[in-house]
Amino acid sequence: MNDNKKRILEMLAAGKISVDEAARLMTAVEGAPFVSAVSSGEAAARPTPRYLRVLVDGLNQDKHDGDRHPEKVNIRVPVALIRAGIKLTSLIPREAAEQVDKALAEKGVNVNLKNLKEEDLTELLDALTDLVIEVDDGKSHVRVRAEY
Amino acid sequence: MIWPPLLLHLVFPACRRSWGLWLPLFLIYPILLALSLLALPFLLIAALCLWHFGYGRLTLMALPGIWNVIWKARGLELNIGEKNREYLIKFV
């Protein structure tokens, strides 16, 4: 029996905590190392995403007949290419980067090219292993997911 | 080992149907490499001249950076489909 369990039993014997509280603490003490071991094992076993898939389903208005036709965009970008691109952004002179940021901001994309870091991409990919980003504005449906 | 894209698959609409084209990129690499080696001394001189203006590092590192991007483009795929038309750019 480890120290934590002994302390909980002592607190219960002294009447400092109720039986329910003691049971909850026991579960927490027993469960915590197991949970952390499982989660660290999962993290180690989890493969690194190799691609980022972007799928866009939308309707495009035809210039000639004015009708709306379904339009599909399917993009697969290798993660290694994104990393190489991020490295390349560090070479862009400050003035040029500011102009690019300004042009992107006009299009509604607020990105600071000089602040792009590889760690940010790693964080994003870690998050994408567990979820799929879905955006639906009524006109188009965008899905972003990681692939292996 | 990471291999560069060896083929480029293009699909584009023309005359009521889609056309596919396979371009052998592996044949272009030796030419590009030779051109890069030829351009290297000139790039070094240009980098030295532009160093004071803040563009020296960019000139010096642009070539390896571009090669790095080309090398890692394998698997890049762009597919756009609308109405009866389909466009595809795929680095294989």
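The values are calculated or read from the model by the stated rules, or taken from the named source; none is laboratory data. Every value quoted in this text rests on a predicted model; they were computed, and no experiment measured them. Glycine also receives a Cβ, built like all others from the backbone with ideal geometry; neighbour counts cover every protein chain displayed. Calculation scope for accessible area: heavy atoms of the full protein, side chains included, ligands and nucleic acids excluded. Shrake-Rupley method; radii C 1.70, N 1.55, O 1.52, S 1.80 Å.
Dividing the summed helix terms, -39500 (n - 2.57) for each DSSP H run of n ≥ 4, by the number of residues in chain B produces a 222 nm estimate of -14000 deg cm²/dmol to the nearest 500. Centroid-to-centroid, using Cα positions, the range A:109-148 and the range B:14-55 are 30 Å apart.
Can you pull out the buried accessible area for chains B and A, both sides counted, probe 1.4 Å, rounded to the nearest 100 Å²? Don't jump to the answer; show the numbers that get you there.
On the way: alone 7410 and 11230 Å², together 16800 Å².
In total, chains B and A hide about 1800 Å² from solvent.
Proximity of backbone amide H atoms, modeled 1.01 Å from N, is registered between residue A:59 and A:71 at under 5 Å, excluding neighbours fewer than 5 places apart on the same chain. Other residues lying with their Cβ under 12 Å from the Cβ of residue A:139 contribute a combined charge of -3, Lys and Arg counting +1, Asp and Glu -1. For the protein assembly as shown, the solvent-accessible area of protein heavy atoms averages 70 Å² per residue (probe radius 1.4 Å; ligands and nucleic acids excluded). You can think of it this way: the chain between residue A:20 and residue A:127 has 34.9 nm of extra reach, that is 0.36 nm per residue less the Cα-Cα gap.
For the pair residue A:54 and residue A:114, the difference between a 0.36 nm per residue extended length and the Cα-Cα distance amounts to 19.2 nm.
Can you tell me the dipole magnitude for the protein assembly as shown around its Cα centre, using point charges on the Cβ only (Lys, Arg +1; Asp, Glu -1), in Debye to the nearest 20? Walk me through the numbers on the way to the answer.
Working: 30 positive and 28 negative charges, 150 e Å.
Dipole of the protein assembly as shown, to the nearest 20 debye: 720 debye.
Once Rh is set to the Kirkwood radius over Cα pairs, what Stokes-Einstein translational diffusion coefficient, in µm²/s, holds for chain B at a temperature of 25 °C and a viscosity of 0.890 mPa s? Spell out each step's value before the answer.
On the way: Rh = 15.7 Å.
For the chosen part, D equals 156 µm²/s.
Taking 0.36 nm per residue of sequence separation and removing the Cα-Cα distance, the residue B:17/residue B:63 pair yields an extension gain of 12.7 nm.
Seen against the Cα atoms of chain B and their longest principal axis, helix B:29-50 is set at about 40 degrees.
Among residues other than residue B:3 with Cβ under 14 Å from its Cβ, the summed charge is +3 (Lys and Arg +1, Asp and Glu -1). Packing around the peptides B:74-81, A:102-109, taken as the average count of other Cβ atoms within 10 Å per residue, puts them in this order, highest first: B:74-81, A:102-109.
The average projected area of the protein assembly as shown, computed from the convex hull of its Cα atoms over all directions, is 23.7 nm².
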